[in-house]
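Chemist: Below are the structure tokens for one structure; questions will follow.
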Amino acid sequence: MSISFIHRHILEDRMSGYEPSPNVNHLTVIRRPVIFSAIAHAGHEVSVAEALSLVENIVARSVSPSDWLVVSQSTDAGTIATSLAAIPGLSFAEQSDGQVLMALSGPDVRTILAKCVAVDLHADVFAEGFSAPMMICRVAGNLARTGADTFEIIVPRSYAGYVFDELREAGREHAVTRGFGE
Amino acid sequence: MASLITCPHCGRRPREEFSIRGDAVPERPAPAASEEAWHAYVYLRENPRGKIREYWHHVAGCRRWLVVERDNLTHEVFAVTDARDMANGGAA
Ligand SMILES: [Zn+2]
């Protein structure tokens, strides 16, 4: 079987080895997410945030008051670009090949992430749906809570191997397994 | 964490997420100001002990420039303001 270059994920080589089935604590690498960087022009921050919240099939990860990462796991880049282009006061650029999206889930997710980030992730202050830019394993990335026990991590592609290894190491005592997901 | 800074956008964050970009006290002279004024702005710095005002860049967070007022003797932080708000005559 041949695999075309464009579909070869940066973490492909780290997925070999024997792991029969996912454990309760599991690290999923999303194979082909669509990720855009979006920045509101000065004075358009509030209207752009509002408009982004209305675009279907995307989530807008918070980076700064005028800056988001637009993520989709269900729609193609062209459709999203068309939606973003219709928002006044917004500049955007596709980052799908420049960023890596991972999801860490399981009952011990908070204990594992406590070794990786210096931000309080208690549900009272970092609730479901919340996202923020932060240092993750000493790499500047974006962390989002997508469920009670599920977090999504976005890091630049060139650091993804290192962050992946660190997450695996942090999760070793909780038997974290890993694999690709769609 | 040794040192925690409360970013107005990101909340309480470790010092490692920031890059300290220097004294925020000197004011940029007019383009046609004298050479002495420009020399002083570019090269001359006070080295006070106690309350200081610096530019901090939140590189691993919101990537905004902030003005941090703190005490370099006690490490007490008095205020953290977005540099744009500060330039527009905002708080602190
Ligand atoms: Zn910040």
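Chemist: Filter the range B:71-84 for residues that are open to solvent by 60 Å² or more (accessible area, probe 1.4 Å) and either farther than 16 Å from B:T6 by Cα or more than 13 Å from the chain's Cα centre (by Cα) (or both) and give the result.
Modeler: Residues satisfying the conditions are B:L73, B:T74, B:H75, B:E76, B:R84.
Chemist: Scan the range A:11-28 and give yes if some residue there is within 14 Å of another protein chain (Cβ to nearest Cβ) and in contact with a strand residue (DSSP E or B) (Cβ under 7 Å, 6 or more places away or on another chain), otherwise no. Step through it out loud before you land on a result.
Modeler: Residues of the range A:11-28 that are within 14 Å of another protein chain (Cβ to nearest Cβ), as a first pass: none.
No: the range A:11-28 contains no residue that is within 14 Å of another protein chain (Cβ to nearest Cβ) and in contact with a strand residue (DSSP E or B) (Cβ under 7 Å, 6 or more places away or on another chain).
Chemist: Hey, could you check the range A:82-120 for residues that are open to solvent by 30 Å² or more (accessible area, probe 1.4 Å) and part of a helix (DSSP H, G or I) and say which is farthest from the other protein chains (Cβ to nearest Cβ)?
Modeler: Top of the filtered list is A:T82.
Chemist: Then there's this: Identify the single condition in (1) of a type outside the set (D, E); (2) within 14 Å of chain B (Cβ to nearest Cβ); (3) buried (at least 21 other Cβ atoms within 10 Å of the Cβ) that A:V176 does not satisfy, given that it satisfies every other one.
Modeler: Every condition holds for A:V176 apart from (2).
Chemist: Based on this model, can you work out whether A:M134 counts as in a strand (DSSP E or B), within 13 Å of chain B (Cβ to nearest Cβ) and in contact (Cβ under 8 Å) with a residue 12 or more places away in the chain?
Modeler: yes
Chemist: Could you list all residues from the range A:137-157 that are in contact (Cβ under 8 Å) with a residue 40 or more places away in the chain and not basic (K, R)?
Modeler: A:N142, A:A144, A:T146, A:G147, A:D149, A:T150, A:F151, A:E152, A:I153, A:I154, A:V155, A:P156 - these are the residues of the range A:137-157 that are in contact (Cβ under 8 Å) with a residue 40 or more places away in the chain and not basic (K, R).
Chemist: State yes or no: is B:R13 more than 14 Å from every other protein chain (Cβ to nearest Cβ) and closer than 23 Å to B:V80 by Cα?
Modeler: no
Here's the yes/no breakdown for (1) closer than 17 Å to B:V68 by Cα; (2) surrounded by fewer than 10 Cβ atoms within 10 Å (Cβ to Cβ); (3) more than 16 Å from the ligand (Cβ to nearest atom):
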| site | (1), (2), (3) |
| --- | --- |
| B:P14 | yes, no, no |
| B:E17 | yes, no, no |
| B:Y43 | no, yes, yes |
| B:I52 | yes, no, yes |
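Chemist: Still on this model: Quick one: B:H58 ticks every box in (1) open to solvent by less than 40 Å² (accessible area, probe 1.4 Å); (2) more than 16 Å from the ligand (Cβ to nearest atom); (3) within 14 Å of another protein chain (Cβ to nearest Cβ) except a single one, so which number is it?
Modeler: Against the list (1) open to solvent by less than 40 Å² (accessible area, probe 1.4 Å); (2) more than 16 Å from the ligand (Cβ to nearest atom); (3) within 14 Å of another protein chain (Cβ to nearest Cβ), B:H58 comes up short only on (2).
Chemist: While we're here: Just give me the residues in the range B:48-68 being touching a residue at least 12 places away in the same chain (Cβ under 8 Å) and charged (D, E, K, R), in sequence order.
Modeler: Within the range B:48-68, B:R49, B:K51, B:R53, B:E54, B:R64 meet the criteria.
Chemist: If I ask for residues that are without any contact (Cβ under 8 Å) to a residue 24 or more places away in the chain and part of a strand (DSSP E or B), which ones from the range A:32-77 would you list?
Modeler: A:A60
The values are calculated or read from the model by the stated rules, or taken from the named source; none is laboratory data. From a predicted model like this one, the values you see are computed outputs, not experimental measurements. With ideal geometry, Cβ positions are generated from the backbone for all residues, glycine too; neighbour counts draw on all protein chains shown. These area figures cover heavy atoms from the full protein model, side chains too; ligands, DNA and RNA do not enter into them. Shrake-Rupley method; radii C 1.70, N 1.55, O 1.52, S 1.80 Å.
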